[in-house]
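See structure below.
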Amino acid sequence: MAASLKPAATDAPAPAPEQSPSPVNILLVDDQPGRLLTYRAILEPLGERLVEASSGEQALKLLMEDEYAVILLDVNMPGMDGFETASLIHQHPRFEKTPIIFVTAVNVTDMDRLRGYKLGAVDYVMVPVIPEILRTKVVVLVELYRKRRELQQANAALEAEKARERDHLNASLRAANAELAARNMELRTEIGERTLAEARLREADRRKDEFLATLAHELRNPLAPLLNALNVRRLSSPDAADDPLQGLMERQLALLVRLIDDLLDVARITRGKLVLRRQATTLDEVLQAAIEVARPPILQGGHELRLQLPPRPVPLFVDRMRLAQVFANLLNNAAKYSDPGSRIDLVASAGDDHVEVLVRDRGIGLTPEQAHGIFELFTQADTAIERARGGLGIGLTLVRRLAEMHDGEVSVRSDGPGHGSEFRVRLPRAQAPGAGSVEVEPEAGIAVPASTRGHRALVLDDNRDAADTLAMMLELLGLEVRTLYDPAAFEANFAEFAADVVFLDVGMPGRSGYDVAAALRAAPRGKDVLLVAITGWGQPEDRRRTRDAGFDRHLVKPPELPEIQAICRLLVEPGDEGAA
């Protein structure tokens, strides 16, 4: 009898446990960390993925990267408030149906509620938040989101089934012309795709050139007064040439200008058309220059840089600034992708016919796929928000190209994500022809052309710092200078001052340098004046345009002191009148 109470054995399989739905995204937007913590504590039991944003701008950025079932949005945030954020969210077709729950710590009027509902809000929650109420509202909206998604998937499946049935019904009608139609369609598709791809490539290349030229111009504008000030300091102080800080600032500014030139020459870089300026130097000098450039990000990250260098100088015949850029890029890369306080090793060794430099970090590491493509243009190992520290993705491309141009090679090794990376640069020990030892050529002194005294220069630039520092430099070179900041005052001052040379900023608001140049050439004595364009634009078409506008010289910001001296010498040696 007892045995009969046991359940009968069955061969039927046990029912599979019901699969829990995958978590959905919930966006929490509030400028106060305490509230974000409260929201998280209330909603974490739901098991969904909670994403936090501390401002409306950050929320918009997150929405462009992922899809969210519901948004919990604080009304009163500094800068972009909740109403404005909601308006921008629902203006986008992807998010126009995303439900928003407004959170407010103050009583809102009926008009404010009406405004919020018009902007797409589905509800309001008052602070202090009652956990059960907020959790219930979010659960309902999340469930609606899941149902809507399931319905969309069902509709897509239904549409696919209808398409299959329609294709099956139409198959008999297309049988006679199938081969010809397929060939014609293939040809039309190929032609259309090729035409569209070519048009997109041309447009992308044009936009890239315009963007890079504009970016370089904007970066060069603040560099002009900096370099002018350094030149003034060198000219006005007889001891400036011996001041190590003077040389340091000049070298770093020159390197910054060169990096901007690299940005302009991305197209040239991809075609391998960079030109090296080789000179005798040593490996230690190259590495010290690289460390000097990379020092700010290393210090900022609190990293420990450990050096291991050869005991004796290793002579090289290389482009010192370009090769320093190789190692500076590697050090900067190590600092950028390592946790604060990590150690970075710079290990250099020299063989009979080669040198080898290792840059080893303990950062995020690389997968085999990332290591394979890390040197490609615009490639970055980690683009997550928490490591978004800028960069164009050209640094390691430059490393490889510049190493190859020095007849070297670069490689990378990593044990995987979280285990750091090791970049290895191997270069031949080439020396200058006939060089037995390396002697670094001292900087040439700055000669002031005394014969320029008595000549007059007019400087016109709406950037006061750039105009004033250039005027100071010209005065130290022996010229009598008048400075203008408003192009409208040019004619009167030119007629009164009778300048021998005019330094003219091309890009001025209201009246461009081209208009001023036309007025100058039309004025009495205007054809005899040496006219110099100062601009951040340095492409060949820009130089052609200034030459066609009547300029005698074209200086790209920041202008170098030797270029200014050469122009001053033209006042007393007018034989070389060709436009530069």
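The values are calculated or read from the model by the stated rules, or taken from the named source; none is laboratory data. Everything numeric in this text was worked out from a predicted model, so none of it was measured. Every residue, glycine among them, receives a Cβ derived from its backbone with ideal geometry; neighbour counts consider all protein chains shown. Please note that ligands, DNA and RNA were not included when accessible areas were found on the heavy atoms of the full protein model with its side chains. Shrake-Rupley method; radii C 1.70, N 1.55, O 1.52, S 1.80 Å.
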- prompt: Suppose R0 equals 22 Å; then what is the FRET efficiency for D415 and E356 from their Cβ-Cβ distance, rounded to the nearest 0.05?
  reply: 0.65
- prompt: In sequence order, what are the phi-derived ³J(HN,Hα) couplings for the range 558-571 according to the Karplus relation 6.51 cos²θ - 1.76 cosθ + 1.60 with θ = phi - 60°, rounded to whole Hz, with x for glycine and proline?
  reply: x, x, 7, 4, x, 5, 5, 5, 4, 5, 4, 5, 5, 5
message: What FRET efficiency comes out for V572 versus R525 if R0 is 22 angstrom and r is the Cβ-Cβ distance? Round to the nearest 0.05.
response: 0.75
query: What ranking of H406, H372, H90 comes out by heavy-atom accessible area, probe 1.4 Å, highest first?
result: H372, H90, H406
message: Taking θ = phi - 60°, what integer Hz values does the Karplus form 6.51 cos²θ - 1.76 cosθ + 1.60 yield along the range 421-426, in sequence order, with x for Gly and Pro?
response: 9, 9, 9, 10, 10, 10
- request: Tell me which residues come under 5 Å, amide H to amide H, from M77 once H is placed; ignore anything under 5 positions away on its chain.
  value: G82
Label-point separation, R166 to T214 (7 Å along Cα→Cβ), nm: 4.2 nm
- prompt: Considering amide H positions built from the backbone, and no H for Pro or chain starts, which residues 5 or more places from H354, or on another chain, come under 5 Å of its amide H?
  reply: R429
Partner lysines for K162 [C-alpha distance under 28 Å; skip if fewer than 8 residues away on the same chain]: K97, K147
task: Rank these residues by their accessible area, most exposed first, probe 1.4 Å: E563, E179.
output: E179, E563
task: Quote the accessible area belonging to L531 in square angstrom, nearest 10, computed with a 1.4 Å probe and with ligands, DNA and RNA left uncounted.
output: 0 Å²
- prompt: Tell me, what HN-Hα J-couplings in whole Hz come from the Karplus equation 6.51 cos²θ - 1.76 cosθ + 1.60 at θ = phi - 60° for each residue of the range 200-205, using x for Gly and Pro?
  reply: 5, 5, 5, 5, 5, 5
message: Rolling a 1.4 angstrom probe over the protein chains, ignoring ligands and nucleic acids, what is the accessible area of K557 in square angstrom, nearest 10?
response: 10 Å²
task: Go through K61, K97 and list them by solvent-accessible area, largest first, probe radius 1.4 Å.
output: K97, K61
- request: Using label points projected 7 Å from each Cα along Cα→Cβ, tell me how many nm separate D205 and E65, to one decimal.
  value: 3.4 nm
- request: Just tell me which aspartates and glutamates come within less than 17 Å, Cα to Cα, of K61; anything on the same chain fewer than 8 places away is out.
  value: D30, D31, E52, D74, D81, E84, E96, E386
- prompt: What figure in square angstrom, to the nearest 10, would you give for the accessible area of F494 with a 1.4 Å probe?
  reply: 10 Å²
task: Go through 295-303, 310-318 and give me the packing order, highest mean Cβ count within 10 Å leading.
output: 310-318, 295-303
query: Cα gyration tensor of the range 173-240, axes a ≥ b ≥ c as square roots of the eigenvalues: rounded (a/c below 1.5), prolate (a/b > b/c) or oblate?
result: prolate
query: On full extension of the chain, what length is gained from E563 through A488, given 0.36 nm per residue of separation minus the C-alpha to C-alpha distance?
result: 24.2 nm
- line: With a ≥ b ≥ c from the Cα gyration tensor eigenvalues, square-rooted, and the rule rounded for a/c under 1.5, otherwise prolate when a/b > b/c and oblate otherwise, the range 99-236 is oblate
